[in-house]
Amino acid sequence: MTTPLNRITALVRRKFLALATLVALAGTASAQVPTMISYQGRVQMNNTNFGGTGQFKFALVRAAGPTLLWKNDASAGNTEPTSAVSLSVANGLVMTALGDTTLANMTALPISAFENYPDVRLRVWFNGGAGFQQLTPDQRIVSVGYALMAATVQDGSITTAKLAPGVLTPGNFPANSVSSTQLGDSIDLGANGVSGHLDIFSTPLGGPAWSIDGAANLLQLFGDDGLENARLWGPGYGELVLRNSLANNAAAVTLTAQGSTGGRLSLNNTNGSGRAILEGENTGGLLTLYTADGNTGAALYGNEGAGSGALSLRNTNGSSRFRAYGGPLDGSLELYSELGRLTFAAEGGEGNTGSQLNMYQSNGVRSVQIDAENGINGGGYAAVYSGDGGAATISAANSQGGTFSVYEEDGTLTTIIHNVSDAGVVSVRNSSGVETGYLWGRNSAGQTGGQIGLKNSAGSQTITLNASDANGDGRITTQVLQITGGSDLSENFDVNAEKDELQSGMIVSIDSKNPGELVLAREAYDAKVAGILSGAGGVKPGMLMGQKGTKADGKHPVALTGRVYCHVDASHGAIEPGDMITTSTTPGHGMKATNRERAFGSIIGKAMTGLAEGKGLVLVLVNLQ
């Protein structure tokens, strides 16, 4: 290569010192074969042999590049090495061993540099004092004559004496290299008095994937992490163990062929604690489920002791709270309290009887009984018992239909609901057994309307509520009617006004344009005044009248008599109790009537409370005048 500063010529010769060198580079290196290549070269500067110490950089190049397969200083990238190797040059000649790690800045040759690369070349940089120059051309690395023998090996030339200890291991045999025909009909590991052992390796950690131990009657399967995944053994009885892949390697599933109680399957959590056990007991199968704290949460029995199945659900302490039995004759269900006392029991019914349900108080006394089939007439029956012995019963076995009866603790019948003449009847009686009230599904005239009657202690009827009298109208008959829900008598009217204007307590007048309807009063001393919108001040209508589908109906209750709060305007005069109230020019508001001549026919009522000034509510006794 010629440069403006120097002309450097390099004659490079390479020798492979032994066949073993190439074998080491092409295959697996051993302790007896050095991984180095001999290098010889001649260096001239300006047509003069160089002498002294020269700086050299070396690299192995894949073909013409740019990929560098090795650099003497192991620096990164496909560029010129960073550090150089100092070598002595005598009369232009230099010798060294590439890959000799005893030299400064010289790293070992990697075998991988020659794997799958038929064209590998050596590139050299030299510095004799004028800076580094790349010597050209790159020199291809070729085989020494005897190294060609590495391509083939004469049949029968390799004996066991030539193999290192440990070479003949199962992992070194190619797949399908040993057949059952070659091995014969059987393989024996060990002998009589000698326990056999077989390990099959394939895991990334180098441990066995399968292990068979004759002394322990044991077959083991290991995962890639080296932990035992499965175990099959049988020193006394057969057992299969499957383990998790966590750090604790706990048993997750255990299948055991126990001799005393039969087969057993155990399922565990990630910590190895039992969560479910299925056992083939001699007396019947058993499934047990466990809670997080290890107590029994549920148990399913194939034989509860009498030959039938049973289910038991437990609380956090392992005590039974729910039991279901399949027999021995009829199925049953039981619930227990925190103290372990029976609180609920249901039976499927034995023989021809129907099912039965019983519920118990905390003291164990039965409080509810339900029978699907009454033993007398075959109908359903239900009874609710009080703590003092009283009861309420429902029976579908009555000759005319179902019956509901309520009894005192002494057995006195106080209430009965049943069917009479194809109509339902409710009869209520006093402590002497006298009927004091009834509800009929038909009235006394035999019509389809219902009727309610109330009687005094002598049994005489004093109040009658008839849904259909002789004219088909509802009728209430009594001596005295007392109303406690309100204090005025109102009728429903339609009131024509803006929606936001209407408020309870406002005065309304007859609408001359719409027959039967009203408007807000807006005139002083309005002779068309009709009443006050009921409901202001929390006082509701006591009686509300109207007739649907006619003009005698509407959306707003208007008080025509009685006590009702009314909006008034005291700016027309202070109002005191006893003052007559008439309409005013303030919409919907009343005022004190001071003009007697104009007041006639426009009085809405008389004030019962006062208002000194402004606007507000005044309680008015409605009395149109």
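The values are calculated or read from the model by the stated rules, or taken from the named source; none is laboratory data. Remember, it's a predicted structure, so these values are computed and weren't measured experimentally. With ideal geometry, Cβ positions are generated from the backbone for all residues, glycine too; neighbour counts draw on all protein chains shown.
Quick look at the numbers
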read-out: Scan of the stretch 309-333 for residues that are in contact with a Ser or Thr (Cβ under 6 Å, 6 or more places away or on another chain) and in a loop (DSSP other than H, G, I, E, B), ordered by number; value: 318, 326, 327, 328
read-out: Test: residue in the stretch 80-97 that is in contact with a helix residue (DSSP H, G or I) (Cβ under 8 Å, 6 or more places away or on another chain), aliphatic (A, V, I, L, M) and within 15 Å of residue 110 (Cα to Cα); value: no
read-out: The one condition in (1) within 60 Å of the chain's Cα centre (by Cα); (2) at negative phi; (3) at pLDDT 50 or above that residue 55 fails to fulfil; value: (1)
read-out: Strands (runs of 3 or more DSSP E) wholly inside the stretch 205-271 that include at least 3 residues being over 30 Å from residue 284 (Cα atoms); value: 208-213, 218-222
read-out: Total residues in the stretch 564-586, condition crowded, with 18+ Cβ neighbours inside 10 Å and closer than 18 Å to residue 503 by Cβ; value: 11
read-out: Any hit, the stretch 98-119, residues being within 15 Å of residue 44 (Cα to Cα) and either assigned to a loop (DSSP other than H, G, I, E, B) or touching a helix residue (DSSP H, G or I) at 6+ places or on another chain (Cβ under 8 Å) (or both); value: no
read-out: Matching residues in the stretch 73-129 - criterion: being farther than 15 Å from residue 59 by Cα and buried (at least 19 other Cβ atoms within 10 Å of the Cβ); value: 89, 94, 128
read-out: Residue within the stretch 560-573 that is assigned by TED's automatic domain parsing to the domain that holds residue 612, assigned to a loop (DSSP other than H, G, I, E, B) and more than 60 Å from the chain's Cα centre (by Cα) present; value: yes
read-out: Failed criterion for residue 146 (all others in (1) in the same structural domain as residue 60 (by TED's automatic domain parsing); (2) surrounded by 11 or more Cβ atoms within 10 Å (Cβ to Cβ); (3) at pLDDT 75 or above hold); value: (3)
read-out: First in the stretch 225-243 and in the same structural domain as residue 256 (by TED's automatic domain parsing), second anywhere and of a type in the set (Asp, Glu), Cβ under 8 Å, 6 or more apart; value: 231/239; 232/239; 233/239; 243/228
read-out: Cross-chain or 6+ apart pairs with Cβ under 9 Å, the stretch 572-586 first and within 14 Å of residue 596 (Cβ to Cβ) and in contact (Cβ under 8 Å) with a residue 40 or more places away in the chain, then part of a loop (DSSP other than H, G, I, E, B) and of a type in the set (A, V, I, L, M, F, W, C); value: 580/593; 582/524; 582/593
read-out: Qualifying residue in the stretch 580-588 (condition: under 17 Å from residue 520 (Cα atoms), under 60 Å from the mean Cα position of the chain (by Cα) and of a type in the set (Ser, Thr, Tyr)); value: no
read-out: Residue 198, sole failed condition from (1) under 30 Å from residue 305 (Cα atoms); (2) modelled with pLDDT under 85; (3) aliphatic (A, V, I, L, M); value: (1)
